[in-house]
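The values are calculated or read from the model by the stated rules, or taken from the named source; none is laboratory data. Everything numeric in this text was worked out from a predicted model, so none of it was measured. Note that each Cβ is placed from the backbone with ideal geometry, even for glycine, and that neighbours are counted across all protein chains shown. Just so you know, the surface numbers come from the protein's heavy atoms only, side chains and all, with ligands and any DNA or RNA stripped out. Shrake-Rupley method; radii C 1.70, N 1.55, O 1.52, S 1.80 Å.
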Amino acid sequence: LTQGMEVESDGREQGKKIVRKPYVVNEMEYEASLPEKKSNTLSRDLIDYVRYMIQNHGENYKEMARDEKNYYQDTPKQIKRKINVYKNFYPEEYKDFIASLKQEKMDLQ
């Protein structure tokens, strides 16, 4: 019986842990020490999606939901929410974008 117990405690003599892959621990400690990044940017995909929808459908969310580029099969409400997120993240870019669309319409007439 005592022999069996000795074998079990053999790897951890007096509380020492054997680290087999120190580089894994080092990498994890490094990542943990990094300051947390707040992602205050939207993915390029989302931005392009929102701009495409506004450009082609204005504020008609039902039309947007039926658009073939609605890959995510978003409902009109979900699309509206995405557009609002974009507006809140990039208010200046959004204003410029809307202004450029109005300008385009005037140029076409």
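Taken together, the residues in region 20-50 that are under 18 Å from N84 (Cβ atoms), modelled with pLDDT of 75 or more, of a type outside the set (A, V, I, L, M) and open to solvent by less than 100 Å² (accessible area, probe 1.4 Å) amount to 3.
Taken together, E93, E63 contain a single residue that is open to solvent by 50 Å² or more (accessible area, probe 1.4 Å), of a type in the set (D, E) and at pLDDT 95 or above, which is E63.
Scanning region 66-87 for residues that are among the polar types (S, T, N, Q) and surrounded by 10 or more Cβ atoms within 10 Å (Cβ to Cβ) yields N70, T75, Q78, N84.
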